[in-house]
Structures are given as C-alpha cells and as structure tokens.
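Asks: First the structure, which I've put down as structure tokens, then a few questions once you've had a look.
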Amino acid sequence: MYKIGIDLGGTKTEGVLVDEEFQVVERKRVPTNQNNGYESILHTIKDLVNELKNSETTSVGVCTPGALSKESGLIKNSNTQCLIGKDLKNDLEKILDQEISIENDANCFALAEARLGAAKNHETVFGVIMGTGVGGGLVIDGKIHSGRTNIAGEWGHHCIKPNGNYCYCGRNGCVETYISGPALEKKWNELTNQNIPVAEIVKNSQEDAYKTWKKEFLENFGLSMANVIDILDPDAIVLGGGLSNISFLYDEGKNLVYENVFSDTVDTPILKNQLGDSAGVFGACLI
Ligand SMILES: [Zn+2]
C-alpha cells in the first residue's frame, strides 16, 4: 500500500510517494504560485498527485497552512491568504475524484516527528514551530490531539505578559510577539538599529546588545515552554521551524525552561527535529 503526502507551502508545494515503510519512492517539488489564486493551487496539487500516483496508491494526505474550522471545515488564519474561507478538502476530493485527509502544518510536523523523527517511541509529544510565526501540535499515542475546537497546541497566542507587545490577533503579550523570528529581529533593531535576520544576529555573541537580546529571548522561551510542560507534562518536546537551528535553545534554553516548571524533577527532553523540511510531507502521509 502506497501513500501520497502533499505539503502545501507558501512558496513551494512538495509531494512524496512512500511505501509501507515510509521510504520515499518519488519526490517532486513545484512553486505554489499563490498569486494565481485558489484554482491554481487546486490544479498544482492535482497535477502533483497524478504524477506521483501508481496503481497501488490508496491514500492522499495534504498538509496545509492555517487552521481548519471544526464546524465548517473551512480554512482560517492561513498565511497563504487565497485559502482563507475555502473548503480545500471538499474541493480537492472533487477534482481528484477520491477521498483525502487534510491537516494543518503544525500538527503534521508534530505527527511526523513523533512517529518517524526525533520523538519516535515517546507517547505524548509536543511539536513546536518557531519561525515567522509560533505554533505547535500535540500528538498522543501516535495520533494528533486536535481538541474540542481544533486549537490544541496553539501556544503562540498564549499570553506571557498581560500588558505586553500588541499582537495581530488583537490581544497583548502573546508568545509569538516575543520569540518569533520577526519579533526577535525587531528587538535586535531596537537595541542596535540593525535590520538583520536571526541567523545573522546569533553571530554577534561578543556584543553587549547580544547579551541583553539573548537573555530576554531565553527568559521568554523558558517561561512559555514551562507553561506547556506544567499543563501537558509531555514525554518529549521537538523544536521545528527556522529558529530550531539555534543551538543555545537546547542547553541554556532548556535550563531556563526547567527553572520555570512547577517541579523539582523536570527532565523533559527538548529535541531538535530530525526530518527538517520533510516533516510536512511525511506528516501528510501519516494522517
Ligand atoms: Zn496573539
């Protein structure tokens, strides 16, 4: 039994065909062209599925940006804006003439890392995305736990400072306004007047401003991750997204998390993802 997994991203759409052991038989990557609108995205996915399909293929899973409304199935909060308000699952099923599974990208990431990646063999896994935005997904016993209204894992809009930074969601002090890539770049700009990406900022370890920037980053990371551990007490946390490449999160960052947890015996592993950019397509194969 073969499976096709499609990862619909803002700039590229990737598809894989895998066998029963989740070994990749074929992989294809095409530009998303979201400027050409929703219909173009549907056709891009259709073409990818048809190119990857072999006679034994039975399932198609799609990993999409944005949340899926539990009531209507429509996509909301997507940074690929032409998807907002669309019934992507139904529309793809019509155009492909077969049933498909669909899940948001943070849940696909958590599922892939829990089943095939860094957190393999752990029961309760919290997958964290830290990049342009901050999000996450929860996997329990190898299955996504999406919650009553599909918001489980959305720790990026958890408030860590009641009168803190304004967030686009309309509230103040959300985690995302402190430890997302853009938030960390904004903070660096306030301290130094430089506009540089996080990957460049972390090369400035000799500067005084760096000590201030890093201290605040680690305190906010520690507090926000500790809140997740206090509520879930997961067996493992896996970090993904662009900021997961920052090495100090796994030692100094982890220590700050432990200091903030309500327990004197905390030892939750905080792991770097193993699947990298491929978590989306593997997650899509697993849903
Ligand atoms: Zn928010």
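Asks: Treating the angle as unsigned and between 0 and 90°, give the value, to the nearest 10°, between the Cα long axis of helix 105-115 and the longest Cα principal axis of the chain.
Replies: 90 degrees
Asks: Just for the chain, what percent of DSSP beta bridges are antiparallel, to the closest 5?
Replies: 60 percent
Asks: For region 99-137 and region 221-275, what is the separation of their Cα centres, given in Å?
Replies: 15 Å
Asks: Taking only the alpha-carbon atoms of region 160-235, what semi-axes of the equivalent ellipsoid follow from 5 times the gyration tensor eigenvalues under a square root, in whole Å, largest first?
Replies: 24, 16, 10
Asks: Another one. For a quick check: with amide H placed at 1.01 Å from N, whose amide H comes under 5 Å from VAL238's, ignoring anything fewer than 5 positions away on the same chain?
Replies: Counting only residues 5 or more places away or on other chains, the set is PHE126, GLY127, VAL128, LEU271.
Asks: Separate question: When the Karplus curve 6.51 cos²θ - 1.76 cosθ + 1.60 is applied with θ = phi - 60°, which whole-Hz ³J(HN,Hα) does each residue of region 89-104 get, with x for Gly and Pro?
Replies: 4, 4, 5, 6, 4, 5, 6, 8, 6, 7, 6, 10, 10, 9, 7, 6
Asks: From largest accessible area down, sort SER55, SER78; use a 1.4 Å probe on the protein chains.
Replies: Descending accessible area places them as SER55, SER78.
Asks: Then there is this: Accessible area of region 34-184 with a 1.4 Å probe: how many percent of it is carbon plus sulfur?
Replies: Within region 34-184, the accessible surface is 44 percent carbon and sulfur.
Asks: Across region 74-82, in residue order, what do the Karplus-derived ³J(HN,Hα) couplings come to in whole Hz, using 6.51 cos²θ - 1.76 cosθ + 1.60 with θ = phi - 60° and x for Gly and Pro?
Replies: Taking θ as phi minus 60°, the curve returns 7, 7, 10, 6, 9, 7, 8, 5, 5 Hz for region 74-82.
Asks: Tell me which of SER101, LEU17, MET130 sits at the most positive position along the dipole axis of region 1-131, charges placed on C-beta atoms (Lys, Arg +1; Asp, Glu -1).
Replies: Going by the Cα projections, it comes out as MET130.
Asks: Solvent-accessible area per residue for region 214-275 at a 1.4 Å probe radius, Å²?
Replies: 47 Å²
Asks: Only bridges with both residues in region 1-154 count here: give the DSSP antiparallel percent, nearest 5.
Replies: Antiparallel: roughly 70 percent of the beta bridges in region 1-154.
Asks: Starting with the highest mean, order 28-34, 261-267, 214-220 by the number of other Cβ atoms within 10 Å, averaged over the residues of each peptide.
Replies: 214-220, 28-34, 261-267
Asks: Regarding region 101-207, what's the average projected area of the Cα-atom convex hull, expressed in nm²?
Replies: For region 101-207, averaging the hull's shadow over all directions gives 8.9 nm².
Asks: While we're here: Return one number: the angle in degrees, 0 to 90 and rounded to the nearest 10, between the long axis of the Cα atoms of helix 181-192 and the longest principal axis of the Cα atoms of the chain.
Replies: 30 degrees
Asks: Now for a different question. In whole Hz, what ³J(HN,Hα) sequence does region 260-265 give by Karplus (6.51, -1.76, 1.60; θ = phi - 60°), x for Gly and Pro?
Replies: 8, 7, 7, 6, 9, 10
Asks: Using mean Cβ contacts within 10 Å as the protection proxy, how do 197-208, 122-133, 248-259 order, highest first?
Replies: In descending order of packing, they fall as 122-133, 248-259, 197-208.
Asks: Placing unit charges on C-beta atoms (Lys and Arg positive, Asp and Glu negative, everything else neutral), compute the dipole magnitude of the chain about its Cα centre in debye, rounded to 20.
Replies: 600 debye
Asks: Now, a different point. Roughly how large, in nm² to one decimal, is the mean projection of the convex hull of the alpha-carbon atoms in region 175-287?
Replies: For the Cα atoms of region 175-287, the hull's average projected area reads 8.0 nm².
Asks: OK, next. Given the rule -39500 (n - 2.57) for each run of at least 4 DSSP H residues, summed and divided by the residues of the chain, what is its mean residue ellipticity at 222 nm, to the nearest 500 deg cm²/dmol?
Replies: Estimated from H runs of four or more residues: -10000 deg cm²/dmol.
Asks: Any idea what % of Cα-Cα pairs in the chain are farther than 27 Å?
Replies: The answer is 42 percent, as a whole percent.
Asks: Can you give me the angle between helix 208-232 and the longest principal axis of the chain, using Cα atoms only, in degrees from 0 to 90, rounded to the nearest 10?
Replies: The two axes meet at around 60 degrees.
The values are calculated or read from the model by the stated rules, or taken from the named source; none is laboratory data. Remember, predicted model here, so these are calculated numbers, not experimental data. All Cβ positions, glycine included, derive from the backbone under ideal geometry; neighbour counts span all protein chains shown. Only protein heavy atoms, including side chains, enter the accessible area calculation; ligands, DNA and RNA are left aside. Shrake-Rupley method; radii C 1.70, N 1.55, O 1.52, S 1.80 Å.
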